[in-house]
Each structure stands twice: as structure tokens, then as C-alpha cells.
Ligand SMILES: *Cc1c(COP(=O)(O)O)cnc(C)c1O
């Protein structure tokens, strides 16, 4: 053989996922927490790694029992550890869910615009993707009807949604659960940023064995580099995932670092409060300058009012060293909430670019 064998036919048209990782002074494009771990948290993480370093000749606890207990305690809602499951980022959680509940001959559905990894991981796991739609305000008031019509095996509901920032009401999620013949996965990657009074779908878990709520330490927990995602669901869902997870998928180091970060949770959660305040100010500022802004319960804001020009505005901001994201509907851009200094730079550059 003289050439590399050709890749699976259904992958040929794909390109690798990638928000640009550009070397720019102000990076507001991937919804990370801008506050690096404090020296105290850094020391706790280093200590945790040191404590397990002497055991690295052995495989990790493949069921991550202690970590799942810590995650259950963090989530509250009376959840026992058997209802928790953890993996390398919530992307791996989504992959495991689709491997177990999707796959050849099965379908998964989401409501676009939403998180692009849901259709992408569906495709890679040979799960047919069914594209649902949102209502005019980017909400899901029509979703349950679409689910009843299409009967997908897996439904994704991103709340707060990425890229729009909008959160769903429990009534909407309840109706989707009642309408779905299969699994309903509520992706709550941004749950900690929700405004006061906006409830988590975790409260709906009792009595709903088809509901799965996924979370991540990549956003609020300021631990994107740790790669730790998790879910809460019926214990039978967790049992099913044991069939598809790779043996020892979660390294001893990952488990130890995640547990150390959970033990110091007050620190990242204090930054969450600051980021929520900064977000609300940003929404007011954008609206005050005549831009259209979607309500945000996340650590980013989708703003618009420049149909046909969003690529130009995005590029003009990048030329001035502010990197935001151009992944939403036509005429909209998404900006991650950063530090006060970064947001000042964003406001100054946007003012200049748009002539506000
Ligand atoms: C960022 C994000 C994730 C996080 O993925 P990780 O693999 O945990 O880093 C999951 N879902 C949504 C909607 C996101 O925006």
C-alpha cells in the first residue's frame, strides 16, 4: 500500500472542531473563566498530585467512586453518588451517552442554534442528527411538539443555551421529558451563572428516569484545563455508560485534581458572582448603545444588530486585539465575560468599530 487508507466516507466532509486559538491580548471567545486559580488553589492542586504520584504505577479507580461522592455533595438535591458519572469533559459524557443510547439506526435531536458538538458527536457515533428549531426569541416553546413528531432516541436541550445565553423554564423541560420516547439530555454547562430564581433541571430528576443533566468544571469552576465533566441521572443510565466507557478513562491525576478543586469550591464560585455582575452590566451597556441583546444566564452575551456585517465586525475587533466569537445566527456575535479590564477593552474597541 502506497497511500494512507481513506477515512470513513461519512467523515470525509468534516473539519476538526476548533474555536481559533489565536495569540491575542484580549481573548473573549471560548467562555472560560478569566480568573486563574489563586496561589492557595494552585498549592492544593500540587499537593493532591504529589499525594497520588507514588501510586501512578497502578490504574486509577475506574469507577471514580470518591470523586462521584464529592460531585454529588457539590450538586446537592439529595443526589446519591450512584446517580453521578464523570468523564474527561462533558464532551466525553456526551460521547458516552450517544455510544450507549444513540448509534446506528438511532437518532438524536437538538434545537439550533445551539452547541455544535451535539450534532458533531452524533455524526461521529453514527447517530442520525435531526435538526429542530427555536422560536423567535430563541426559546423552546415549540420543542415538545417537534419531539412528538420526530420521536428521536436522544434529545439535547442546552440550558443556558450556547450561543444565545437563554435558559429554559422547568415547564418546557418537563414537557419535553413527557414527550420524548428516549433520553432527554439537559446540557447545563453554564448552570452556575444563571440569574437568581432560574432553576436547574436537577430539581426534575426524581421520577423522570429518561432525564440526564450534564455539567462541567470547564466554565464556572475555572478548570477547563482539567477536563472534567459529569452528569446526574437515573442509576440505570449510569450502569449503561459502564458498557461503553473505556476502561480507566479518568486518570488518577484528573480525579485528584478535580477533588482538590471541589474542596476549594468557594474560590471559583466567588468569581462566578463577580462575572454575573459584570455580565449584567455588559447587557445594560450594549442595550444602552442601541444593540440587540439576548437575555443571558451564562458567562457570555450574544448581541446583534448588524445583519450581513458580523464577519466584518468580528475581524475589525480582532485587528484591534479583541477576539470574540462569530458562531451564532446571522447578524449576531458572542462575547465571553472577562475581567473588568478585558471588558473595558471590549467596550472601547466595539465603540470604535461600530462608531457608537
Ligand atoms: C463549553 C461547553 C461544554 C463543555 O465541554 P467540556 O468538554 O466539559 O469542556 C459543554 N456544553 C456546552 C453547551 C458548552 O458550551
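Bear in mind that the values in this text are calculations on the coordinates, not laboratory data. Just so it is clear, the structure is predicted and the values come from calculations on it, not from any experiment. Here the Cβ is made from the backbone with ideal geometry for all residues, glycine too, and neighbour counts use every protein chain on show.
So the values come out like this:
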| read-out | value |
| --- | --- |
| Virtual spin-label span in nm between residue 178 and residue 203, 7 Å along Cα→Cβ | 1.7 |
| Label-point separation, residue 1 to residue 17 (7 Å along Cα→Cβ), nm | 2.8 |
| Whether the chain is rounded, prolate or oblate, judged on the alpha carbon gyration tensor where a/c under 1.5 counts as rounded | rounded |
| The range 257-319: C-alpha pair distances exceeding 18 Å, % | 55 |
| Footprinting exposure proxy for 302, 194 (fewest neighbouring C-beta atoms within 10 Å first) | 194, 302 |
| Rounded FRET efficiency, nearest 0.05, which uses the C-beta distance separating residue 263 from residue 133 and R0 of 30 Å | 0.10 |
| Sequence ranges 342-349, 283-290, ranked by mean other-Cβ count within 10 angstrom, highest first | 342-349, 283-290 |
| Over the range 153-237, relative contact order from alpha-carbon pairs under 8 Å, at least 6 apart, % | 26 |
| The range 180-339: antiparallel DSSP beta bridges as a percent of all, rounded to 5 | 75 |
| The range 251-290 - Rg and Dmax from Cα coordinates, angstrom | 16.5, 51 |
| Percent antiparallel among DSSP beta bridges (both partners in the chain, rounded to 5) | 45 |
| Computed E for residue 236/residue 30 - FRET, C-beta separation, R0 45 angstrom, nearest 0.05 | 0.85 |
| Relative contact order of the range 91-162, pairs being alpha-carbon contacts under 8 Å that are 6 or more residues apart, as % | 38 |
| Geometric extent, Cα atoms of the range 229-337 - Rg, Dmax (angstrom) | 19.8, 53 |
| Ordering of 227-237, 256-266 by burial proxy (mean other Cβ atoms within 10 Å per residue, highest first) | 227-237, 256-266 |
| Taking the range 288-350 and dividing mean pair separation by its residue count, relative contact order in percent (alpha carbons under 8 Å, at least six apart) | 31 |
| Residue 284 paired with residue 142, simple spin-label distance in nm, labels 7 Å along Cα-to-beta-carbon | 3.5 |
